[in-house]
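Report on the structure given below.
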Amino acid sequence: MSPRTTARPGVTRELIAEAALAILDESRSESDLTMRRLAARLGVQAPSLYAHVTGIDDVIALVHQRINAGIDTSVLSDSVDLDDLRTMARSYLDGYRCHRVAATIIVSRAINEDYALAIYEPIAAFLERVGLPAASVMPIMALLDYLVLGSAVEPFSAGFVGTAKSYDAAYPALGRALRGSPRRRIDESGFELGMTALCATIEAMRREA
C-alpha cells in the first residue's frame, strides 16, 4: 500500500469516483483502470491520489458506491405491491446496464459495505411484508440479482452476431427464432419475462405460506 500524501486542492473522492467510472465506461476491461491513468484524467500525479484513496480496490469501492447511489429503492418503502418491485428492479438494471465494465467488476465483490447492504435491506423488508417466509427471502433476492445483474453485464442478444439467415443451414430453429424476435427487443423482452416469472413465483410462495 502506498503511503498517504497531502491532499491536492480540488481533488475529492467524489471526483475520483466520477473519473474512474468514466474510464471504465470507455474501456473494455478492468485492467484499463490504473492509478496512473486516473491521475492523468484528473490532471494530477499518481502519488497525490493516495491522499484520498488507498489504491485501485478503494477506487472500485467508490465506483460501486456511486452507481448504487443512483438506484431508487424508496418505491419499496411501506409497499406490498409487486409492481413496485418491478419499478425498483428497472432502476437497478438501468443503474448497472450503462456501466457494464464496472458492473462486471462489482458482481465479484463481497456484499459487506453499507452502500451495498443498503440496496438489499429494503428488498428484504419488502419481501417480508408481502408475506414470504424467511427461508424464501434470500433465494428470491438471489434470483432478482441474477436477473438484473446478468442482464446488465452480458446482454443475451449480443452473442448472436450473424444475421438470421446465417443460422439457417446449420441451426434452422435459431434462424426462425431470430427472425421472430427483433434484436433490439430480445434483451428487454427477456428481462420483462423474467420479472413476470419472478413476481408469479412470489405470489405462489405468498399463497402457500
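The values are calculated or read from the model by the stated rules, or taken from the named source; none is laboratory data. Keep in mind the model is a prediction, meaning the values are calculated, not measured. Counting neighbours? That spans all protein chains shown, and the Cβs are built from the backbone with ideal geometry, glycine included.
Quick notes on this one:
- Top-ranked residue of the range 160-170 - restricted to ones that are assigned to a loop (DSSP other than H, G, I, E, B) and exposed (fewer than 14 other Cβ atoms within 10 Å of the Cβ), ranked as farthest from the chain's Cα centre (by Cα): ALA169
- Of all the criteria given as (1) surrounded by 13 or more Cβ atoms within 10 Å (Cβ to Cβ); (2) modelled with pLDDT under 95; (3) in a loop (DSSP other than H, G, I, E, B), the one not satisfied by PRO47 is (3).
Results for (1) within 24 Å of the chain's Cα centre (by Cα); (2) at pLDDT 95 or above; (3) hydrophobic (A, V, I, L, M, F, W, C), shown as yes or no for each residue.
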{"residue": "GLY10", "(1), (2), (3)": "no, no, no"}
{"residue": "LEU15", "(1), (2), (3)": "yes, yes, yes"}
{"residue": "LEU24", "(1), (2), (3)": "yes, yes, yes"}
{"residue": "SER27", "(1), (2), (3)": "yes, no, no"}
{"residue": "LEU38", "(1), (2), (3)": "yes, yes, yes"}
{"residue": "VAL53", "(1), (2), (3)": "yes, yes, yes"}
{"residue": "ASP58", "(1), (2), (3)": "yes, yes, no"}
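- Of the helices (runs of 4 or more DSSP H) that lie entirely inside the range 58-132, those containing 3 or more residues that are farther than 17 Å from LEU143 by Cβ and in contact (Cβ under 8 Å) with a residue 60 or more places away in the chain span 100-106.
- Selection from the range 140-159 of residues that are touching a helix residue (DSSP H, G or I) at 6+ places or on another chain (Cβ under 9 Å), exposed (fewer than 12 other Cβ atoms within 10 Å of the Cβ) and modelled with pLDDT of 95 or more: none
- Filter result for VAL137 (in a helix (DSSP H, G or I), modelled with pLDDT of 95 or more and farther than 24 Å from GLY70 by Cβ): yes
- The set of residues in the range 171-197 being more than 24 Å from LEU149 (Cα to Cα) and surrounded by fewer than 17 Cβ atoms within 10 Å (Cβ to Cβ) consists of TYR171, PRO172, ALA173, LEU174, ARG176, ALA177, ARG179, GLY180.
- Of GLY175, GLY190, GLY162, GLY180, all but one fail to be within 18 Å of CYS98 (Cα to Cα) and small (Gly, Ala, Ser); the exception is GLY190.
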